[in-house]
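What follows is calculated from the coordinates using simple rules that are stated; it is not laboratory data. Computed from a predicted model, the values in this text were never measured in an experiment. Backbone-built Cβ (ideal geometry, glycine too); neighbour counts: all protein chains shown.
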């Protein structure tokens, strides 16, 4: 047996969404259980990356910057073609040195593109790879199918965020004995000031619905607004708060257009409030009565649902993917079988006309966290790393290092 688990985590994401937060929580819990953790992060100086470094430091997690390749997308194709070959060689050499210097016993990964970034180094070390699968498998082109084929063989163990993800892994050739399902708790967030809500949203007697997440078509935000429009016509006290990044970046063009369209709508413009990015999500949830997550696609796991549960408010969801595992219909929330605005309107109507029901379901939601087993999250993750033990000397071929 190894004396101490020493984990090198591939953590080169530029963005910080639910997947990144869940993995940061995982690594923090492992460090608190006595593991040494080193995150291999991007060496760029983007504000988002500086924020990630600050968060890692606050949690006592060490980090090492290395180059990462860029995904070749529209507008960046030429940049990627020029930069990626050199970045790939430098990053793989760097990882080989980090593994040796850190005396790593395990590698932690959760993103297929980050695995592809280090595929050369991962082929040349026999350290066990633990792969956390919190997203649906990326198999949409030849590149990602090849990366998955490598990951399936290379990973010693998989941890799925939900039974839905576990089933998908098994359907793609991973044996049941190499998978555990561990539901993630609400992530810890850096202490921040209370969320300032618009005065109109805080009017006396207001009943507040809240959405938290990426403002994209597949998250069902437009369907939610359509449903809320019907509620607003019938209930003057109803309010809808939408928290999610809306920046000048081209990727947020759909969100900007939706916000502008709703703001100009006389029927709902004064009662739908786009808050932008909110750091203190817990405070926002506490200020609301019902959380709504009408994801239209098969969501592997909705991290904001445990956050809502922790703050004692029920969730209204569509039965998409792993989301269905998080909410019991008519117990700690409502599951809308009819995935459209009409079905969602009926669910919102239940709560706005029966606020006592929302309170009752909210109390049940807080209690239901124990049923998900999140209180054993750290213990179960530590057990995974003990199970995938590594007792021999670290072996890394020197094909990357300069001689």
With Cα coordinates, the longest principal axis of the chain makes an angle with the long axis of helix 355-372, in degrees rounded to 10, of 20 degrees
At a Förster radius of 30 Å, what calculated FRET efficiency corresponds to the Cβ-Cβ distance of residue 32 and residue 356, to the nearest 0.05? 0.15
Förster-model FRET efficiency, 41 Å R0, residue 4 and residue 199, C-beta, rounded to 0.05: 0.15
Please figure out what share of the DSSP beta bridges in the chain is antiparallel and state it in percent, rounded to the nearest 5. 0 percent
Of all alpha-carbon pairs in the chain, indicate the percentage at a distance above 38 angstrom. 24 percent
Taking the Kirkwood radius as the inverse of the mean 1/r across Cα pairs, report the Rg/Rh of the range 145-196. 1.22
Based on DSSP, what percent of beta bridges with both residues in the range 199-372 are antiparallel, to the nearest 5? 0 percent
In percent, how large is the relative contact order of the range 144-219, given Cα pairs closer than 8 Å and 6 or more residues apart? 24 percent
Expressed in Å to one decimal, the Kirkwood Rh of the range 199-372 from all distinct alpha-carbon pairs is 15.9 Å
In what order do 291, 140 fall by count of nearby beta-carbon atoms within 10 Å, going from fewest to most? 140, 291
Give me D for the range 199-265 in µm² s⁻¹, whole number, from Stokes-Einstein with Rh from the Kirkwood sum over alpha-carbon pairs, 4 °C and 1.567 mPa s. 101 µm²/s
Among 77, 323, which comes first, then next, by fewest other beta-carbon atoms within 10 Å? 77, 323
Estimate the FRET efficiency between residue 144 and residue 80 by the formula 1/(1 + (r/R0)^6), using the beta-carbon distance for r and 22 Å for R0, to the nearest 0.05. 0.90
Placing one equal point scatterer on each C-alpha of the range 18-175 and summing with Debye, one gets log10 I(q)/I(0) at q = 0.13, 0.15, 0.19, 0.20 Å⁻¹ equal to -0.66, -0.90, -1.47, -1.59
List 70, 260 from most exposed to least, where exposure is judged by having the fewest other Cβ atoms within 10 Å. 260, 70
